[in-house]
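The values are calculated or read from the model by the stated rules, or taken from the named source; none is laboratory data. From a predicted model like this one, the values you see are computed outputs, not experimental measurements. Neighbour counts are summed over all protein chains in view; Cβ atoms, including those assigned to glycine, are modelled from backbone coordinates with ideal geometry.
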Amino acid sequence: MLQLFYAPVCPFAQRARALLEHLEFPYVPRLVDLEQRDPELLQLSPTGLVPLLMEDGLEGLSGGPFVLYESAVIAEFLIERAAWQDAYPGGLALRYQQRLAMKRFDDLLVPLHYRSMRDPSSLSEADIAEIQVEVARLAELVELLGGHHENALAFHVAPFWARMSWMGAHAPMLSLLVESDIVRFWMDRCLEVPAIRRTLPDRDQTVQNYLKKLAGEPRNG
């Protein structure tokens, strides 16, 4: 049986949870308090972060339990295990352009998003130019996919788009993303995917948690 350690506020954890539900895997949800980490989670993961996926039926390293603790790796595991044919639509080149977009999203856009929320003035002209390049590439990719929004790319970006939209003026990168009507419309459609919509956290509580984090206060969930 699969077990998922997660916290509702965490967009990385929502990626895994939404995929589990979309692909109809039975699993045990293990809710984690981000302020009081589960001792079992700390024992299983060197990062102590969510999400963490554990599979009772597989053997891990050194004979221990099988665990995965990076959202992108968890997603690939679930996609392969479910043999999800529509995860990466298109031919070979287009499939790897989607994977590249997902990596650039995590390596560039996510860190800049969090950094700019903490300090809006930290976005340099070079940062803004890089963001605009990635948004333009994403818009082109969405067009090549014909707007398809039930795929691995959608599950990868939608949790962040939801939270960014909710944060509004507190998320400076939002204004750069919505410069592209193609990207904005596509991301909004991603949020309509049932498994993504069902696993979204409470909006008001999520915004309050982010604001508390920015202010250095204790948070919930």
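List pairs: first in the stretch 5-21 and free of Cβ contacts under 8 Å to residues at least 60 places away in the same chain and at negative phi, second part of a loop (DSSP other than H, G, I, E, B) and among the aliphatic types (A, V, I, L, M), Cβ under 6 Å, 6+ apart or cross-chain?
Phe5/Val32; Phe5/Val50; Tyr6/Val50; Cys10/Val50; Ala13/Ala7; Ala13/Val50
Restricting to the stretch 73-98, what's the tally of residues that are within 20 Å of Met1 (Cα to Cα) and either among the aliphatic types (A, V, I, L, M) or assigned to a helix (DSSP H, G or I) (or both)?
Of the residues in that region, 11 qualify.
Being surrounded by 19 or more Cβ atoms within 10 Å (Cβ to Cβ) and within 16 Å of the chain's Cα centre (by Cα) is the requirement here; does Pro172 meet it?
no
Just wondering, is there one or more residues in the stretch 146-162 that are at pLDDT 95 or above, surrounded by fewer than 20 Cβ atoms within 10 Å (Cβ to Cβ) and either in contact with a Ser or Thr (Cβ under 9 Å, 6 or more places away or on another chain) or in a helix (DSSP H, G or I) (or both)?
Checked against the condition, which is being at pLDDT 95 or above, surrounded by fewer than 20 Cβ atoms within 10 Å (Cβ to Cβ) and either in contact with a Ser or Thr (Cβ under 9 Å, 6 or more places away or on another chain) or in a helix (DSSP H, G or I) (or both), the stretch 146-162 yields no hits at all.
Only one of Gly146, Gly90 is touching a helix residue (DSSP H, G or I) at 6+ places or on another chain (Cβ under 8 Å) and either over 25 Å from Cys10 (Cα atoms) or among the small types (Gly, Ala, Ser) (or both); which?
None of the other options fit; the residue is Gly90.
Looking at (1) at pLDDT 95 or above; (2) surrounded by 13 or more Cβ atoms within 10 Å (Cβ to Cβ), which is the one condition that is false for Pro65?
Unmet for Pro65, out of (1) at pLDDT 95 or above; (2) surrounded by 13 or more Cβ atoms within 10 Å (Cβ to Cβ): (1).
Considering only residues that are in a loop (DSSP other than H, G, I, E, B) and hydrophobic (A, V, I, L, M, F, W, C), look in the stretch 6-33 and name the one that is farthest from Pro159 (Cα to Cα).
Per the stated criteria, the residue is Phe25.
Quick check on the stretch 116-129. Is at least one of its residues under 16 Å from the mean Cα position of the chain (by Cα) and of a type outside the set (A, V, I, L, M, F, W, C)?
No, that holds for no residue.
Which residue out of Arg163, Arg99, Arg137 is touching a helix residue (DSSP H, G or I) at 6+ places or on another chain (Cβ under 6 Å) and among the basic types (Lys, Arg)?
Arg163
Can you tell me which of Gln3, Gln43, Gln36 is at pLDDT below 95 and outside any loop (DSSP other than H, G, I, E, B)?
Within the list Gln3, Gln43, Gln36, the selection yields Gln43.
How many residues are of a type in the set (A, V, I, L, M, F, W, C), within 17 Å of Val9 (Cβ to Cβ) and not in a helix (DSSP H, G or I) if we restrict to the stretch 188-215?
Going through the stretch 188-215 one residue at a time, the tally reaches 2.
Could you grab the pairs with beta carbons closer than 6 Å, sequence gap of 6+ or different chains, first residue in the stretch 91-115 and under 13 Å from Leu145 (Cβ atoms), second one surrounded by 18 or more Cβ atoms within 10 Å (Cβ to Cβ) and aromatic (Phe, Trp, Tyr)?
As it stands, the answer is Arg95/Tyr88; Gln98/Tyr88, since those pairs meet every condition given.
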